[in-house]
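**Student:** Could you have a look at this structure, given as structure tokens, before my questions?
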Ligand code: GDP
């Protein structure tokens, strides 16, 4: 079995949110860490690496995934035993705005990496950052399936079980955005290079992962930022898109541990889910973030007063989809389909001990196609020894502290 200590490692996407956390962990294990970095127009240094104090400890090689010769050079210099391929355009709305850019980086970039390894006859273990977005449209109830069909949209493949939750690696892939399609491409290509050429590839499909340094455009970080702004009186409302969406949010460090485990123990040519086996709504995330920031929440109600929920953040660990996991009363009500917040509601008032906080729905933040719910089944990676260590509140605390620290630093 391969160990990580003293290994030579190459990370694509090292300057990103996950790449920088992974680099730190690998350096701590004594590995030699190389990373590919695009030249910046302003010659500024990568903030994520600086924040973690590892900028001088990693070897940065100039290159770009879309330029195969730069990838070949990076492989020559680093001679990696393990490659973690995390580099990508990873924001779903951006992939709708500029699908070509997403495909060039995520599809052609992935092909370039595998081709460079193949042509050069190298034999590293290569771990691919696939995504839960590949599953996309996951059918959670007969009613949902009916609604989709009534709206004239097709569901392919037809579900073989309802609910299709929790999501196993064998669930159908129904990607719902250009980003998700690009990850399906990489996922299949990685497996194809194993079958065709014997490359030692492993695919991770990580569900959402969050924490300090997460890009401000993602919902958890965006909400954490806005909650801090409310706390400091800088804004008087929170703006969001669809608050009904459910995500399986992990702490980034749990996912980073999973990547390392896969590199050591994963079976080549295989696919592994990574997640927390919890699912929580966006509205729940906002309310819990307000609570962690010190507000006591009594009630929520829509702007027009039509929909009300008392003590919405009360915690329950009731069973849904055959799994017990921590969730709020709001999550329960949404999961039972008893309430749904619509754009016509315009927003929600959060009634707290310190007054009313408005959450306003911003139509620009709603997506052309939405993934309604994600919930992982991680039994497969658990058999390799994976355990989730962090709770949802750990993630929220880290994200709030990140903005607090940034504020202190000025
Ligand atoms: P994704 O799951 O990779 O798309 O991660 P995001 O953090 O970008 O989005 C998670 C969910 O939050 C999606 O269902 C979004 O529609 C929903 N959402 C609601 N409001 C917002 C918002 O203001 N920003 C973002 N990024 N997502 C939002």
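The values are calculated or read from the model by the stated rules, or taken from the named source; none is laboratory data. Quantities reported herein were computed from a predicted structural model and do not represent experimental measurements. Every residue, glycine as well, gets a Cβ built from its backbone with ideal geometry; the counts of neighbours run over all protein chains shown.
**Student:** Given the conditions (1) farther than 26 Å from residue 137 by Cα; (2) within 16 Å of the ligand (Cβ to nearest atom), report the number of the one that residue 372 does not fulfil.
**Tutor:** (1)
**Student:** Considering each of 14, 36, 9 in turn, give the residue that is assigned to a loop (DSSP other than H, G, I, E, B), buried (at least 21 other Cβ atoms within 10 Å of the Cβ) and in contact with a helix residue (DSSP H, G or I) (Cβ under 7 Å, 6 or more places away or on another chain). Spell out how you get there, then give the answer.
**Tutor:** Working: 36 fails: assigned to a loop (DSSP other than H, G, I, E, B); 9 fails: assigned to a loop (DSSP other than H, G, I, E, B).
Being assigned to a loop (DSSP other than H, G, I, E, B), buried (at least 21 other Cβ atoms within 10 Å of the Cβ) and in contact with a helix residue (DSSP H, G or I) (Cβ under 7 Å, 6 or more places away or on another chain) holds for just one of 14, 36, 9, which is 14.
Okay, residues lined up against (1) more than 23 Å from residue 157 (Cβ to Cβ); (2) touching a strand residue (DSSP E or B) at 6+ places or on another chain (Cβ under 8 Å); (3) buried (at least 20 other Cβ atoms within 10 Å of the Cβ):
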{"residue": "180", "(1), (2), (3)": "no, yes, yes"}
{"residue": "198", "(1), (2), (3)": "yes, no, no"}
{"residue": "212", "(1), (2), (3)": "yes, no, yes"}
{"residue": "233", "(1), (2), (3)": "yes, no, no"}
{"residue": "254", "(1), (2), (3)": "yes, yes, yes"}
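**Student:** Go through region 114-147 and count every residue that is part of a helix (DSSP H, G or I) and within 16 Å of the ligand (Cβ to nearest atom). Reasoning before the result, please.
**Tutor:** Of the residues in region 114-147, the ones part of a helix (DSSP H, G or I) are 114-119, 132-134, 142-147.
So of that shortlist, the ones also within 16 Å of the ligand (Cβ to nearest atom) come out as 132-134, 144.
The number of residues fulfilling the criteria is 4.
**Student:** Mind checking which residues of region 149-178 are part of a helix (DSSP H, G or I) and either in contact with a strand residue (DSSP E or B) (Cβ under 7 Å, 6 or more places away or on another chain) or away from the ligand (no atom under 16 Å from the Cβ) (or both)? Steps first, please.
**Tutor:** First, the residues of region 149-178 that are part of a helix (DSSP H, G or I): 149-150, 178.
Those that are part of a helix (DSSP H, G or I) and either in contact with a strand residue (DSSP E or B) (Cβ under 7 Å, 6 or more places away or on another chain) or away from the ligand (no atom under 16 Å from the Cβ) (or both): 149, 150.
**Student:** Which condition number does residue 358 fail, the rest of (1) part of a loop (DSSP other than H, G, I, E, B); (2) touching a residue at least 40 places away in the same chain (Cβ under 8 Å); (3) touching a strand residue (DSSP E or B) at 6+ places or on another chain (Cβ under 8 Å) being met?
**Tutor:** Here residue 358 clears every test but (1).
**Student:** Do we find a residue being within 16 Å of the ligand (Cβ to nearest atom) and buried (at least 16 other Cβ atoms within 10 Å of the Cβ) anywhere in region 61-84? Outline the logic, then answer.
**Tutor:** Initial filter on region 61-84 (within 16 Å of the ligand (Cβ to nearest atom)): none.
The answer is no; no qualifying residue exists.
**Student:** From 257, 273, grab the single residue that is in a helix (DSSP H, G or I), modelled with pLDDT of 95 or more and either within 13 Å of the ligand (Cβ to nearest atom) or under 20 Å from residue 391 (Cα atoms) (or both). Show your work before the answer.
**Tutor:** Values: 273 fails: in a helix (DSSP H, G or I).
From the options 257, 273, the qualifying one is 257.
**Student:** If a residue has to be more than 25 Å from the chain's Cα centre (by Cα) and in a loop (DSSP other than H, G, I, E, B) to count, how many in region 212-238 make the cut?
**Tutor:** Matching residues across region 212-238 total 6.
**Student:** Next question, about the same structure. Out of region 308-318, which residues are surrounded by fewer than 17 Cβ atoms within 10 Å (Cβ to Cβ) and at pLDDT 95 or above? Working first, answer last.
**Tutor:** Residues of region 308-318 surrounded by fewer than 17 Cβ atoms within 10 Å (Cβ to Cβ): 308, 310-311, 314-318.
Those that are surrounded by fewer than 17 Cβ atoms within 10 Å (Cβ to Cβ) and at pLDDT 95 or above: 308, 310, 311, 314, 315.
**Student:** Would you mention how many residues in region 90-104 are within 16 Å of the ligand (Cβ to nearest atom) and within 21 Å of residue 70 (Cα to Cα)? Before you say what the answer is, go through the steps one by one.
**Tutor:** As a first pass, look at region 90-104 and keep what is within 16 Å of the ligand (Cβ to nearest atom): 90-99, 102.
Going one step further and asking which of them are within 21 Å of residue 70 (Cα to Cα), we end up with 102.
Total satisfying the criteria: 1.
**Student:** For the condition touching a strand residue (DSSP E or B) at 6+ places or on another chain (Cβ under 9 Å), outside any helix (DSSP H, G or I), under 20 Å from residue 130 (Cβ atoms) and more than 8 Å from the ligand (Cβ to nearest atom), what is the one hit in 184, 203? Explain how you work it out, then say what you get.
**Tutor:** On the way: 184 fails: outside any helix (DSSP H, G or I).
Only one candidate passes the filter, namely 203.
**Student:** Quick check: is even one residue across region 386-404 within 16 Å of the ligand (Cβ to nearest atom), loosely packed, with under 12 Cβ neighbours inside 10 Å, in contact (Cβ under 8 Å) with a residue 24 or more places away in the chain and under 30 Å from residue 213 (Cβ atoms)?
**Tutor:** no
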